[in-house]
Amino acid sequence: MDSHEDIIIARGAEAVLTRSRWHNRDVVVKERVTKAYRVKELDSRLRESRTKSEAQLMAQARKAGVKTPLVYDIDLVKCIIVMEFIEGLTAKMVLQELPNREQLALEIGKHVGRLHRADIVHGDLTTSNIIFQGQEPCFIDFGLGEKSHEIEKKGVDMHLLKEALSSAHSEHEHLYNAVACGYTEEYPEGERILALVEEIENRGRYT
């Protein structure tokens, strides 16, 4: 890293995120933390495989037409990803404040449709993990993501996004409808997944 003061921007159960400088670029350094309760060898293998998987998913998402942070460097021994720092507003903020929020919600839906069409499940699809730069959403934090063609996992992805909208936004039904429109526009299986979202909701009500 370049010599300057690093700033911790998030500390989660899985990783610590630090804003830093790397070769004159603003970056985020994501370091997966050691879990003391796991056998050391298993812990190392898991952290290494998840680090590698996350970097691969971001690259695959970009190929599918979805903006993600550029990955500049990976250290599989220390389980560190050095990636582009994305300047912008979270979807959580723009969907509350901007007059064109339905159009922005439509864009979110289109991009999630592209992810799912490429069999990329994000795993933590909340409005805090989508950052807008102008009209374009950038998806961050693929730490819980995976490659999967299973419709159940895609349904859970969309259900999580719907829950995030309903918990944070007063116009959540309009916003979700806009997301759903964009989603089915980009993803041929979209209607099937949206029906599954309702089924998942019903399971929650009756269990």
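Bear in mind these aren't lab numbers, they're just calculated from the coordinates by the rules spelled out. What you are looking at is a predicted structure, and each value in this text was computed from that prediction instead of being measured. Note that each Cβ is placed from the backbone with ideal geometry, even for glycine, and that neighbours are counted across all protein chains shown.
Using unit Cβ charges (K, R positive; D, E negative) and no other charged atoms, how large, in debye to the nearest 20, is the dipole of the stretch 89-206 about its Cα centre?
Numbers: 12 positive and 21 negative charges, 19 e Å.
So the magnitude is around 100 debye.
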Under Stokes-Einstein, with the Kirkwood radius over Cα pairs standing in for Rh, what whole-number D in µm²/s applies to the stretch 7-84 at 10 °C and 1.306 mPa s? 121
Name the residue, out of 154, 78, 40, whose mean-square fluctuation peaks in a Gaussian network model built on the chain with Cα pairs under 10 Å. 40
Neighbour-count ranking [beta-carbon atoms within 10 angstrom, fewest first] of 28, 179, 16: 16, 28, 179
What is the spin-label model distance, in nm, from residue 185 to residue 146 if the labels are put 7 Å beyond Cα along the C-beta direction? 3.1
Around residue 72, which amide H atoms from residues at least 5 apart in sequence, or from another chain, sit under 5 Å from its own amide H, with H modelled in the peptide plane? 82, 83, 84
What is the Cα centroid distance between the stretch 24-53 and the stretch 156-181, reported in whole angstrom? 31
Among 77, 197, 156, rank each residue by its count of other Cβ atoms within 10 Å, from fewest to most, as a rough exposure measure. 77, 156, 197
Residue separation between residue 73 and residue 103 times 0.36 nm, minus their alpha-carbon distance, gives in nm 7.4 nm
Using a basic spin-label model with each label point 7 Å from the Cα along Cα→Cβ, how many nm lie between residue 23 and residue 136? 2.1
Normalised by the number of residues in the stretch 89-206, what is the relative contact order in percent for Cα pairs under 8 Å and 6+ residues apart? 36
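Over the stretch 7-84, what is the relative contact order in whole percent, taking alpha-carbon pairs under 8 Å and six or more residues apart?
Relative contact order comes out at 27 percent.
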Binned at 10 Å from 0, what are the whole-percent values of the Cα-Cα distance distribution for the chain, short to long? 9, 33, 34, 20, 5, 0
Over the stretch 89-206: Kirkwood hydrodynamic radius from C-alpha pairwise inverse distances, Å: 13.9
Candidate lysines for bridging to residue 110, where Cα separation is under 22 Å - those fewer than 8 sequence places away on the same chain excluded: 63, 67, 92, 147, 153, 154, 162
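Helix-only mean residue ellipticity at 222 nm, the chain, DSSP H runs n ≥ 4 weighted -39,500 (n - 2.57), per residue, nearest 500. What is it?
-16000 deg cm²/dmol, from helical runs alone.
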For residue 74, net neighbour charge (Lys/Arg +1, Asp/Glu -1) across residues whose Cβ lies under 11 Å away: -1
Say the dipole of the stretch 19-105 comes from +1 at the beta carbon of Lys and Arg and -1 at that of Asp and Glu; which of 55, 66, 95 then lies farthest toward its positive end? 55
